[in-house]
Amino acid sequence: MFSKIISKYISKLKGQSYLIDHRIPDSYLLGLIASRIMMKIRGIFSFIQSPDIPFVGRSVTLKARSKIKAGKALSIGNRCYIDALSVEGITLGSNVSIGNNTKIECTGNIQHLGKGFRAGNNVGLGSDNFYGCAGGISIDDDTIIGNFVSFHSENHIFTKIEKPIRLQGVSHQGIRVGKNCWIGAKVTILDGAVIEDGCIIAAGAVVLAGTYKQNGIFGGVPAKLIKYRDEPLT
(Lines give C-alpha, C1' and ligand atoms only; values in the text may rest on other atoms or scores of the structure.)
Protein backbone atom coordinates (compact mmCIF):
# COMPACT_ATOMS: atom_id res chain seq x y z
CA MET A 1 0.00 0.00 0.00
CA PHE A 2 2.76 2.43 0.98
CA SER A 3 4.65 1.78 -2.26
CA LYS A 4 1.49 2.57 -4.27
CA ILE A 5 1.11 5.95 -2.55
CA ILE A 6 4.74 6.85 -3.26
CA SER A 7 4.42 5.62 -6.85
CA LYS A 8 1.47 7.96 -7.42
CA TYR A 9 3.42 10.89 -5.99
CA ILE A 10 6.49 10.22 -8.16
CA SER A 11 4.31 9.72 -11.24
CA LYS A 12 2.70 13.12 -10.63
CA LEU A 13 6.10 14.74 -10.05
CA LYS A 14 7.64 13.29 -13.22
CA GLY A 15 4.54 13.59 -15.37
CA GLN A 16 4.76 9.93 -16.41
CA SER A 17 3.91 6.53 -14.98
CA TYR A 18 6.30 5.33 -12.26
CA LEU A 19 5.76 2.10 -10.32
CA ILE A 20 7.88 1.09 -7.32
CA ASP A 21 8.65 -2.62 -6.96
CA HIS A 22 6.21 -3.95 -4.34
CA ARG A 23 8.95 -6.11 -2.80
CA ILE A 24 10.83 -3.08 -1.42
CA PRO A 25 10.28 -2.86 2.38
CA ASP A 26 8.37 0.11 3.77
CA SER A 27 11.31 0.85 6.11
CA TYR A 28 13.59 1.31 3.11
CA LEU A 29 11.07 3.61 1.42
CA LEU A 30 10.73 5.68 4.61
CA GLY A 31 14.50 6.19 4.70
CA LEU A 32 14.45 7.19 1.05
CA ILE A 33 11.64 9.68 1.66
CA ALA A 34 13.51 11.23 4.60
CA SER A 35 16.57 11.62 2.37
CA ARG A 36 14.53 13.28 -0.38
CA ILE A 37 12.94 15.68 2.12
CA MET A 38 16.42 16.78 3.20
CA MET A 39 17.36 17.22 -0.47
CA LYS A 40 14.32 19.49 -0.94
CA ILE A 41 15.35 21.58 2.06
CA ARG A 42 18.84 22.01 0.58
CA GLY A 43 17.21 22.87 -2.73
CA ILE A 44 15.50 25.87 -1.13
CA PHE A 45 18.92 27.39 -0.53
CA SER A 46 20.40 26.41 -3.89
CA PHE A 47 18.89 29.49 -5.61
CA ILE A 48 18.65 27.59 -8.90
CA GLN A 49 16.18 29.20 -11.31
CA SER A 50 13.42 26.59 -11.56
CA PRO A 51 9.59 26.41 -11.47
CA ASP A 52 9.86 24.15 -8.42
CA ILE A 53 12.40 23.41 -5.68
CA PRO A 54 15.13 21.04 -6.87
CA PHE A 55 16.45 18.05 -4.94
CA VAL A 56 20.03 18.77 -3.84
CA GLY A 57 22.28 16.18 -2.21
CA ARG A 58 24.92 16.50 0.51
CA SER A 59 28.19 18.43 0.02
CA VAL A 60 27.15 19.89 -3.35
CA THR A 61 29.15 22.85 -4.68
CA LEU A 62 27.35 25.29 -6.98
CA LYS A 63 29.24 28.19 -8.55
CA ALA A 64 27.81 31.03 -10.68
CA ARG A 65 24.35 29.92 -9.52
CA SER A 66 22.62 32.77 -11.33
CA LYS A 67 23.60 31.10 -14.61
CA ILE A 68 21.90 27.77 -13.76
CA LYS A 69 18.35 27.31 -15.06
CA ALA A 70 16.32 24.12 -14.73
CA GLY A 71 12.89 22.67 -15.40
CA LYS A 72 10.84 20.71 -12.90
CA ALA A 73 12.07 17.83 -10.73
CA LEU A 74 15.81 18.45 -11.00
CA SER A 75 17.83 16.08 -8.82
CA ILE A 76 21.52 16.68 -7.98
CA GLY A 77 23.35 13.85 -6.23
CA ASN A 78 25.77 13.97 -3.33
CA ARG A 79 29.19 15.63 -3.67
CA CYS A 80 28.55 17.12 -7.12
CA TYR A 81 30.59 20.11 -8.29
CA ILE A 82 28.86 22.43 -10.77
CA ASP A 83 30.49 25.62 -12.04
CA ALA A 84 28.20 27.41 -14.50
CA LEU A 85 30.53 30.34 -15.27
CA SER A 86 30.27 30.59 -19.08
CA VAL A 87 28.70 32.55 -21.92
CA GLU A 88 25.47 30.51 -22.04
CA GLY A 89 25.53 29.00 -18.54
CA ILE A 90 23.78 25.74 -17.71
CA THR A 91 20.25 24.97 -18.92
CA LEU A 92 18.54 21.76 -17.78
CA GLY A 93 15.12 20.47 -18.84
CA SER A 94 12.55 18.77 -16.64
CA ASN A 95 13.25 15.45 -14.89
CA VAL A 96 17.02 15.76 -15.17
CA SER A 97 19.05 13.73 -12.68
CA ILE A 98 22.75 14.28 -11.97
CA GLY A 99 24.47 11.34 -10.28
CA ASN A 100 26.73 11.42 -7.24
CA ASN A 101 30.27 12.82 -7.56
CA THR A 102 29.66 14.39 -10.96
CA LYS A 103 31.56 17.49 -12.10
CA ILE A 104 30.31 20.04 -14.62
CA GLU A 105 32.89 22.70 -15.41
CA CYS A 106 31.85 25.26 -18.00
CA THR A 107 35.08 27.27 -18.17
CA GLY A 108 38.49 25.61 -18.20
CA ASN A 109 40.52 28.82 -18.10
CA ILE A 110 39.30 32.24 -16.96
CA GLN A 111 41.25 33.89 -19.79
CA HIS A 112 38.41 32.72 -22.07
CA LEU A 113 34.86 32.04 -20.91
CA GLY A 114 33.54 28.65 -21.96
CA LYS A 115 30.31 28.17 -23.90
CA GLY A 116 28.23 26.14 -21.41
CA PHE A 117 26.08 23.06 -20.94
CA ARG A 118 22.56 22.09 -21.97
CA ALA A 119 20.52 18.96 -21.25
CA GLY A 120 16.96 18.35 -22.45
CA ASN A 121 14.03 16.71 -20.68
CA ASN A 122 14.29 13.30 -19.00
CA VAL A 123 18.09 13.18 -19.22
CA GLY A 124 19.97 10.97 -16.77
CA LEU A 125 23.57 11.93 -16.07
CA GLY A 126 25.25 9.03 -14.28
CA SER A 127 27.53 9.05 -11.25
CA ASP A 128 31.22 9.97 -11.19
CA ASN A 129 31.03 11.77 -14.54
CA PHE A 130 32.99 14.75 -15.85
CA TYR A 131 31.67 17.36 -18.29
CA GLY A 132 34.22 19.86 -19.56
CA CYS A 133 32.00 22.41 -21.30
CA ALA A 134 34.44 25.05 -22.57
CA GLY A 135 33.44 24.35 -26.18
CA GLY A 136 29.82 23.61 -25.31
CA ILE A 137 28.02 20.35 -24.58
CA SER A 138 24.43 19.69 -25.69
CA ILE A 139 22.47 16.54 -24.73
CA ASP A 140 18.95 16.12 -26.10
CA ASP A 141 15.79 14.62 -24.55
CA ASP A 142 15.55 11.09 -23.13
CA THR A 143 19.29 10.35 -23.31
CA ILE A 144 20.92 8.33 -20.53
CA ILE A 145 24.58 8.54 -19.57
CA GLY A 146 26.33 5.71 -17.70
CA ASN A 147 28.79 6.02 -14.83
CA PHE A 148 32.43 7.20 -15.09
CA VAL A 149 31.81 8.92 -18.44
CA SER A 150 33.81 11.99 -19.46
CA PHE A 151 33.15 14.73 -22.03
CA HIS A 152 35.98 17.01 -23.18
CA SER A 153 34.85 19.83 -25.50
CA GLU A 154 38.31 21.34 -25.76
CA ASN A 155 41.58 20.34 -27.46
CA HIS A 156 45.11 21.56 -26.95
CA ILE A 157 46.94 22.93 -30.00
CA PHE A 158 50.30 21.18 -30.43
CA THR A 159 51.52 21.92 -33.99
CA LYS A 160 54.59 24.01 -33.03
CA ILE A 161 57.33 21.59 -31.99
CA GLU A 162 59.59 24.29 -30.55
CA LYS A 163 56.88 25.74 -28.26
CA PRO A 164 55.47 24.09 -25.10
CA ILE A 165 52.02 22.62 -25.73
CA ARG A 166 50.65 24.38 -22.68
CA LEU A 167 51.43 27.75 -24.33
CA GLN A 168 49.89 27.04 -27.73
CA GLY A 169 46.30 27.60 -26.72
CA VAL A 170 43.21 25.48 -27.25
CA SER A 171 40.52 24.89 -29.87
CA HIS A 172 36.79 24.31 -29.44
CA GLN A 173 34.22 22.59 -31.64
CA GLY A 174 31.72 21.43 -29.05
CA ILE A 175 29.97 18.11 -28.42
CA ARG A 176 26.39 17.24 -29.31
CA VAL A 177 24.46 14.14 -28.26
CA GLY A 178 21.02 13.62 -29.82
CA LYS A 179 17.73 12.30 -28.45
CA ASN A 180 17.17 8.85 -26.99
CA CYS A 181 20.85 7.87 -26.85
CA TRP A 182 22.56 5.52 -24.41
CA ILE A 183 26.15 6.30 -23.51
CA GLY A 184 27.70 3.32 -21.72
CA ALA A 185 29.95 3.30 -18.67
CA LYS A 186 33.51 4.65 -18.90
CA VAL A 187 33.02 6.18 -22.34
CA THR A 188 35.23 9.15 -23.27
CA ILE A 189 33.77 11.69 -25.72
CA LEU A 190 36.14 14.21 -27.28
CA ASP A 191 35.68 17.65 -28.82
CA GLY A 192 33.94 17.72 -32.20
CA ALA A 193 31.85 14.57 -31.67
CA VAL A 194 28.27 14.66 -32.97
CA ILE A 195 26.24 11.65 -31.83
CA GLU A 196 22.92 11.56 -33.66
CA ASP A 197 19.52 10.47 -32.31
CA GLY A 198 19.05 6.92 -31.09
CA CYS A 199 22.72 5.94 -30.88
CA ILE A 200 24.29 3.54 -28.41
CA ILE A 201 27.93 3.97 -27.41
CA ALA A 202 29.37 0.77 -25.94
CA ALA A 203 31.09 0.82 -22.55
CA GLY A 204 34.71 1.92 -22.61
CA ALA A 205 34.60 3.45 -26.10
CA VAL A 206 36.56 6.55 -27.07
CA VAL A 207 34.48 8.81 -29.32
CA LEU A 208 36.61 11.07 -31.51
CA ALA A 209 35.55 14.13 -33.52
CA GLY A 210 33.10 13.23 -36.29
CA THR A 211 29.47 12.32 -36.90
CA TYR A 212 28.01 9.09 -35.52
CA LYS A 213 24.94 8.28 -37.57
CA GLN A 214 21.42 7.91 -36.24
CA ASN A 215 20.51 4.63 -34.48
CA GLY A 216 24.03 3.27 -34.77
CA ILE A 217 25.78 1.13 -32.17
CA PHE A 218 29.41 2.19 -31.81
CA GLY A 219 32.23 0.72 -29.76
CA GLY A 220 35.99 0.40 -29.45
CA VAL A 221 39.04 2.65 -29.30
CA PRO A 222 38.48 4.69 -31.36
CA ALA A 223 34.73 4.07 -31.61
CA LYS A 224 33.54 2.52 -34.87
CA LEU A 225 30.18 1.34 -36.16
CA ILE A 226 29.28 -2.16 -34.96
CA LYS A 227 25.79 -2.29 -36.43
CA TYR A 228 22.56 -0.32 -36.66
CA ARG A 229 19.90 -0.97 -34.04
CA ASP A 230 17.34 -2.24 -36.57
CA GLU A 231 19.78 -4.72 -38.17
CA PRO A 232 19.50 -8.39 -37.15
CA LEU A 233 22.23 -9.91 -34.99
CA THR A 234 24.76 -12.00 -36.94
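Condition check for residue 220 on (1) out of contact with any Gly (no Cβ under 8 Å at 6 or more places or on another chain); (2) buried (at least 16 other Cβ atoms within 10 Å of the Cβ): one failure, at (2).
Residue under question is residue 122, and the condition is that it be buried (at least 21 other Cβ atoms within 10 Å of the Cβ), part of a loop (DSSP other than H, G, I, E, B) and modelled with pLDDT of 95 or more; does it hold? It is true that residue 122 is buried (at least 21 other Cβ atoms within 10 Å of the Cβ), part of a loop (DSSP other than H, G, I, E, B) and modelled with pLDDT of 95 or more. Can you find a residue in the stretch 190-198 that is of a type in the set (Gly, Ala, Ser) and over 19 Å from the mean Cα position of the chain (by Cα)? No, there is no match, as no residue in the stretch 190-198 is of a type in the set (Gly, Ala, Ser) and over 19 Å from the mean Cα position of the chain (by Cα). Taken over the stretch 100-119, the criterion of being within 14 Å of residue 178 (Cβ to Cβ) and either hydroxyl-bearing (Ser, Thr, Tyr) or surrounded by 21 or more Cβ atoms within 10 Å (Cβ to Cβ) (or both) is satisfied by 119 alone. Just one of the listed residues (180, 147, 155) is touching a residue at least 24 places away in the same chain (Cβ under 8 Å), surrounded by fewer than 21 Cβ atoms within 10 Å (Cβ to Cβ) and within 18 Å of residue 108 (Cα to Cα), and it is 155.
Against the condition within 16 Å of residue 104 (Cα to Cα) and either touching a residue at least 60 places away in the same chain (Cβ under 8 Å) or of a type in the set (A, V, I, L, M) (or both), how does residue 170 come out, does it pass? Show your work before the answer.
Numbers: within 16 Å of residue 104 (Cα to Cα): no; either touching a residue at least 60 places away in the same chain (Cβ under 8 Å) or of a type in the set (A, V, I, L, M) (or both): yes.
Taking the combined requirement at face value, the residue does not satisfy it.
Within the stretch 21-59, how many residues turn out to be among the charged types (D, E, K, R) and at pLDDT 85 or above?
The qualifying residues number 5.
Of the residues 86, 66, 27, the single one that is closer than 26 Å to residue 177 by Cα and in a helix (DSSP H, G or I) is 66.
On inspection, residue 130 fails the criterion of being within 12 Å of the chain's Cα centre (by Cα), among the aromatic types (Phe, Trp, Tyr) and buried (at least 23 other Cβ atoms within 10 Å of the Cβ).
The values are calculated or read from the model by the stated rules, or taken from the named source; none is laboratory data. Only a predicted model underlies this, so the values are computations on that prediction, with no experimental measurement involved. Here Cβ is always computed from backbone atoms with ideal geometry, including for glycine, and neighbour counts include all displayed protein chains.
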